[in-house]
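*Asks:* So that we are looking at the same thing, I have put the structure below in structure tokens.
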Amino acid sequence: MIRRESIKFSVIIPTYNSEKFVGRCLESIINQTYNCFEIIVVDDGSIDSTVLVVEEMTSEIPIHCVRELHKGVSNARNIGLEKAKGDYIIFVDSDDQLNPEALEKCFQIIKEHQVDAVFYESTVDESSGVPIANKKYAEGRPKHFYGEIIDGKRLFVESILSGKYLVSPVLYAVSSKIIKQYKFPENMYYEDSVFTTRLLLSNEMNRILCTKDKLYKRWTRAGSITSEPKNIYHYKSYNKAICHISDDIIKLPNCSERVCLITLRKMIITCSNNCALTFNINFFHRAIHFFTIVRLKYLKFKFFVCITTLFPALLKAFDKQNELLENK
């Protein structure tokens, strides 16, 4: 546990063809009211002037810029984690911003409460005309979490049950001793779902404080990963994410079957909503594919996943019925 007056943050920014936005992003970090931090930019093989913009800004403040071949955002974040020397890690997307007091507020919370992680909220700017893909990020986490110190497993379970599970890695600051033990899975979308879930389910995440402060500003734009049309690769990636997370949940001590089923149900619905309606894929082929890749310990969970993947409409109806019952 860090016990000193000054805590150093490592702010990791993966970039790819971000010449129009990365300057704005870096300015928001340079202008922080708390100044004990390092900036690590990992460029994922940009073919525009992103690196030049970053290098020009090194005259204002030292920026560690790492240039890589194009291997995806997961690889860039993993390299950033390897290079980071700070006590706490923060991720920022290159087209977003940190609010000016973000690091100072995180520092105050860490110093006062001696927590492993600070989870904060965000604002969303839709002035580009592109709506946010996931409205949950505008709504925030369950309000009863605010100001309370909880462990990662409880945060995961109660967020799942409330339907407000936020997985984005840009919405938390975590002790480097903990977060450096994990890596973002590569060669897939929805890698943040796997990474954040594993982080929360780890035995080290014992003291988390959720604040209602909106310390992060998300910008929506055309051409971003969240706004791009979904295709078969997105669908297969979500399948992989469901497999990774379901296996991790099954291993969780004292995790009820209800939590397992609700988690799987919500993930499959998300997959169906986000992916299945945007391209033509045979339901039977999808179920067979799912059955072959699911590695669940219990056959009943495997059966549940396959049936609900084959008939997503039944799952949505079942989920809607549960919501009605819970709201009575």
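*Asks:* If you scan the stretch 43-56, which residues turn out to be of a type outside the set (Val, Ile, Thr) and buried (at least 19 other Cβ atoms within 10 Å of the Cβ)?
*Replies:* The first filter runs over the stretch 43-56 and keeps only residues of a type outside the set (Val, Ile, Thr), leaving 43-46, 48-49, 52, 55-56.
Asp43, Asp44, Ser46 - these are the residues of the stretch 43-56 that are of a type outside the set (Val, Ile, Thr) and buried (at least 19 other Cβ atoms within 10 Å of the Cβ).
*Asks:* Quickly run through the stretch 60-86 and pick out the residues that are farther than 20 Å from Asp192 by Cα and surrounded by 21 or more Cβ atoms within 10 Å (Cβ to Cβ).
*Replies:* None; the set is empty.
*Asks:* Based on what the data block shows, is Ser59 polar (S, T, N, Q) and at pLDDT 95 or above? It would help to see each step written out before you state the result.
*Replies:* Working: polar (S, T, N, Q): yes; at pLDDT 95 or above: no.
No, not satisfied.
*Asks:* Has the stretch 14-21 got any residue that is part of a strand (DSSP E or B), in the same structural domain as Leu215 (by TED's automatic domain parsing) and not charged (D, E, K, R)? Please lay out each step first, then the result.
*Replies:* From the stretch 14-21, those part of a strand (DSSP E or B) are 14-15; that's our starting set.
Retained after the next criterion (residues that are in the same structural domain as Leu215 (by TED's automatic domain parsing)): 14-15.
Restricting the remaining residues to those that are not charged (D, E, K, R) gives 14-15.
Within the stretch 14-21, one or more residues are part of a strand (DSSP E or B), in the same structural domain as Leu215 (by TED's automatic domain parsing) and not charged (D, E, K, R).
*Asks:* Right, next: Under 16 Å from Val73 (Cβ atoms), assigned by TED's automatic domain parsing to the domain that holds Gly80 and touching a residue at least 60 places away in the same chain (Cβ under 8 Å): does that describe Val174?
*Replies:* no
*Asks:* Those residues that are crowded, with 21+ Cβ neighbours inside 10 Å and within 18 Å of Gln32 (Cβ to Cβ), I need them from the stretch 110-121; list them, please.
*Replies:* Ile110, Val118, Tyr120
*Asks:* Inside the stretch 41-116, counting only helices (runs of 4 or more DSSP H) that do not spill past its ends, which hold 2 or more residues that are of a type in the set (S, T, N, Q) and within 30 Å of Tyr189 (Cβ to Cβ)? Break it down stepwise before answering.
*Replies:* On the way: elements: 50-57, 73-83, 102-113.
Hits in the stretch 41-116: 73-83.
*Asks:* Among the residues of the stretch 45-83, write down those that are farther than 20 Å from Glu19 by Cβ and in contact with a helix residue (DSSP H, G or I) (Cβ under 6 Å, 6 or more places away or on another chain).
*Replies:* Ser74 - this is the single residue of the stretch 45-83 that is farther than 20 Å from Glu19 by Cβ and in contact with a helix residue (DSSP H, G or I) (Cβ under 6 Å, 6 or more places away or on another chain).
*Asks:* Regarding the stretch 141-160, can at least one residue be identified that is part of a loop (DSSP other than H, G, I, E, B), at pLDDT below 90, buried (at least 17 other Cβ atoms within 10 Å of the Cβ) and not charged (D, E, K, R)? Even if it seems obvious, please write down each step before you answer.
*Replies:* Here is the first cut: in the stretch 141-160, the residues part of a loop (DSSP other than H, G, I, E, B) are 141-142, 147-148, 151.
Then drop every residue that is not at pLDDT below 90, which leaves 141-142.
Those left that are additionally buried (at least 17 other Cβ atoms within 10 Å of the Cβ): 141.
Remaining after also requiring not charged (D, E, K, R): none.
There is no residue in the stretch 141-160 that is part of a loop (DSSP other than H, G, I, E, B), at pLDDT below 90, buried (at least 17 other Cβ atoms within 10 Å of the Cβ) and not charged (D, E, K, R).
*Asks:* Against the definition (closer than 22 Å to Val259 by Cβ and modelled with pLDDT under 95), how does Val130 come out, yes or no?
*Replies:* On the way: closer than 22 Å to Val259 by Cβ: no; modelled with pLDDT under 95: yes.
Against the criterion (closer than 22 Å to Val259 by Cβ and modelled with pLDDT under 95), Val130 does not qualify.
The values are calculated or read from the model by the stated rules, or taken from the named source; none is laboratory data. Not measured: the values here are computed from a predicted model. Using ideal geometry, Cβ is built from the backbone for each residue, glycine included, and neighbour counts are taken over all protein chains shown.
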